[in-house]
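A.B. asks: Below you will find the structure I want to go over with you.
The values are calculated or read from the model by the stated rules, or taken from the named source; none is laboratory data. Just so you know, these numbers come straight off a predicted model, no measurement behind them. Virtual Cβ from ideal backbone geometry, glycine too; neighbours counted across all protein chains shown. These area figures cover heavy atoms from the full protein model, side chains too; ligands, DNA and RNA do not enter into them. Shrake-Rupley method; radii C 1.70, N 1.55, O 1.52, S 1.80 Å.
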Amino acid sequence: MSLFRLILSVTLLVLLPISEASAQRSYSGNTLGCVPGVPDVNSQDLNADRGLGVCDEKNVHSLQFEPGSQDLGSIDFFIRSCWSWYYTNPCQIDRYGRYSVEVDGPTENGYLYLTGSSGDTLKVTLEFVHPARPAETLTPGQETDTLYPGVRDYLAGPVSLRVSLAPGESLVSDSYSGNFDLYVYQCEWWDYQPLCKNAPGDDGAPALLAQPVRFQVGLNPDTLIKISGLEDMELDGSGTGDISAEQTFCVFTTDSAEFNIRGDSQNGDNAFWLRGETITDDIIPYSVQVEHLGSARRPRNLREGEVARKWPGANQENCGGQENMKIQIEVQRSEMGDPRDARYQDILTLTVATE
């Protein structure tokens, strides 16, 4: 009897849920500084650092203030942004290295600001400057609209942050400082509306800085002083009594620093003199008194060419509309003698300087 066997082979297909995972971006630790050149074949762990980095960016930047100018200066540094399909290859055309930037920090009314030594805030604007693109004013916490080209062959390209006073800002304190964070986002490689900050990444690129670059801005201007509000003065010589006139003015100094004041007469020498407009050898002496308003300090008589010391300055330019000084000019009738001219004049120069 023949034996017939039936062998049944069964293949079980088990369907298991598969989770979708998006490609991860590379993160640069920004460890390589400005070292140029294509990375070594054995340096795969530094791929992202070689492709993206910020270098020669100092931790503290000291800016300069020039009275009458909004410009505070530039912070110069370099950005490396270079992406090739294989990390040992040279960079391709500039679309492979494009990037956007962002700066964040303390803000007030949409502006970044520095904090003064007296607790005030000084609002500033920052522009990102790249040699191949128009400068763009940075909005705090927002990625630039402009995409900036990187440099070929893993080199670092020069850029800068230009810092200016925000419109209407003026200095009050004698020093200012602020801490800010710089972000650099490498863009996707394709041309049409590439993502930079929010790019998901592809095969380890584009790259992000693992941590933003923190930098400090310091502003230490010399103590500033400004006199304003002085106008020509007319003295009425009619009548029989002494002749006088007065006006108020403002002296502003940073941080309300104390100042000195000196009066100089164009006609006088150790004395204030009015000189006849037609009969120039006819002179009349006068006195000058200055007073600080709103304080208990006594008025002082100025001596021609000499300094009266230690007056407190206002902490706002133009004194915020409330002037802080008063000057009084007086001619004593007893010292006029017998005037021979109809009009007398002098140019009185007030000079103020900080202590």
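A.B. asks: For the subset of region 292-313 comprising residues that are assigned to a strand (DSSP E or B) and open to solvent by less than 50 Å² (accessible area, probe 1.4 Å), which member is farthest from Gln332 (Cα to Cα)?
C.D. replies: Narrowing region 292-313 to residues assigned to a strand (DSSP E or B): 292, 300-302, 307-312.
Among the residues that remain, those that are also open to solvent by less than 50 Å² (accessible area, probe 1.4 Å) are: 292, 302, 308, 311-312.
Values: His292: 23, Leu302: 16, Ala308: 23, Trp311: 27, Pro312: 30 Å.
Across region 292-313, the extreme among qualifying residues is Pro312.
A.B. asks: Being in contact with a Pro (Cβ under 9 Å, 6 or more places away or on another chain) and within 16 Å of Asn59 (Cβ to Cβ): is that true of Leu182 here? Walk me through it before giving the result.
C.D. replies: On the way: in contact with a Pro (Cβ under 9 Å, 6 or more places away or on another chain): yes; within 16 Å of Asn59 (Cβ to Cβ): yes.
So Leu182 fits the description; yes.
A.B. asks: Next question. Would you mention how many residues in region 244-261 are assigned to a strand (DSSP E or B) and open to solvent by 10 Å² or more (accessible area, probe 1.4 Å)? Full working, then the answer.
C.D. replies: Step one: filter region 244-261 for residues assigned to a strand (DSSP E or B), giving 244-253, 258-261.
Next cut, open to solvent by 10 Å² or more (accessible area, probe 1.4 Å) only: 244-248, 258, 260.
The number of residues fulfilling the criteria is 7.
A.B. asks: Right, next: Could you pull out every one of the strands (runs of 3 or more DSSP E) wholly within region 135-226 that has 2 or more residues that are in contact with a Lys or Arg (Cβ under 9 Å, 6 or more places away or on another chain), among the charged types (D, E, K, R) and touching a residue at least 60 places away in the same chain (Cβ under 8 Å)?
C.D. replies: none
A.B. asks: Please specify each residue of region 135-157 satisfying the condition of being modelled with pLDDT of 95 or more and open to solvent by 60 Å² or more (accessible area, probe 1.4 Å).
C.D. replies: Result: Thr137, Thr139, Gln142, Asp145.
A.B. asks: Restricting to region 51-73, and then to whatever is under 24 Å from Ala132 (Cα atoms) and open to solvent by less than 60 Å² (accessible area, probe 1.4 Å), can you tell me which residue is modelled with the lowest pLDDT?
C.D. replies: So, considering only residues that are under 24 Å from Ala132 (Cα atoms) and open to solvent by less than 60 Å² (accessible area, probe 1.4 Å), the one modelled with the lowest pLDDT is Glu57.
A.B. asks: A further question on this structure: Cβ contacts < 7 Å: first residue on the phi > 0 side of the Ramachandran plot, restricted to region 54-81; second residue open to solvent by 20 Å² or more (accessible area, probe 1.4 Å) and modelled with pLDDT of 85 or more, any location; separation 6+ or different chain. Result?
C.D. replies: Within 7 Å, the pairs are Asp56/Phe78.
A.B. asks: So how many residues does region 262-277 have that are surrounded by fewer than 15 Cβ atoms within 10 Å (Cβ to Cβ) and more than 17 Å from Gly237 (Cα to Cα)? Spell out how you get there, then give the answer.
C.D. replies: Taking region 262-277 as the starting set, the residues that turn out to be surrounded by fewer than 15 Cβ atoms within 10 Å (Cβ to Cβ) are 266, 269-271, 277.
Cutting the leftovers down to more than 17 Å from Gly237 (Cα to Cα) gives us 266, 269-271.
Looking only at that region, the number is 4.
A.B. asks: Can you tell me which residues in region 247-298 are of a type in the set (A, V, I, L, M) and in contact with a strand residue (DSSP E or B) (Cβ under 9 Å, 6 or more places away or on another chain)?
C.D. replies: The first filter runs over region 247-298 and keeps only residues of a type in the set (A, V, I, L, M), leaving 251, 257, 261, 271, 274, 279, 283-284, 288, 290, 293, 296.
Result: Val251, Ala257, Ile261, Ala271, Leu274, Ile283, Ile284, Val288, Val290, Leu293.
A.B. asks: Counting only residues that are in a strand (DSSP E or B) and closer than 20 Å to Asp222 by Cβ, how many does region 55-73 have?
C.D. replies: Matching residues across region 55-73 total 7.
A.B. asks: Here's another thing I want to ask about it. Just to be sure before I move on: is Val129 open to solvent by 10 Å² or more (accessible area, probe 1.4 Å), among the hydrophobic types (A, V, I, L, M, F, W, C) and out of contact with any Pro (no Cβ under 6 Å at 6 or more places or on another chain) in the structure I sent? Walk me through how you get there before you give the answer.
C.D. replies: Details: open to solvent by 10 Å² or more (accessible area, probe 1.4 Å): yes; among the hydrophobic types (A, V, I, L, M, F, W, C): yes; out of contact with any Pro (no Cβ under 6 Å at 6 or more places or on another chain): yes.
Yes: the conditions hold for Val129.
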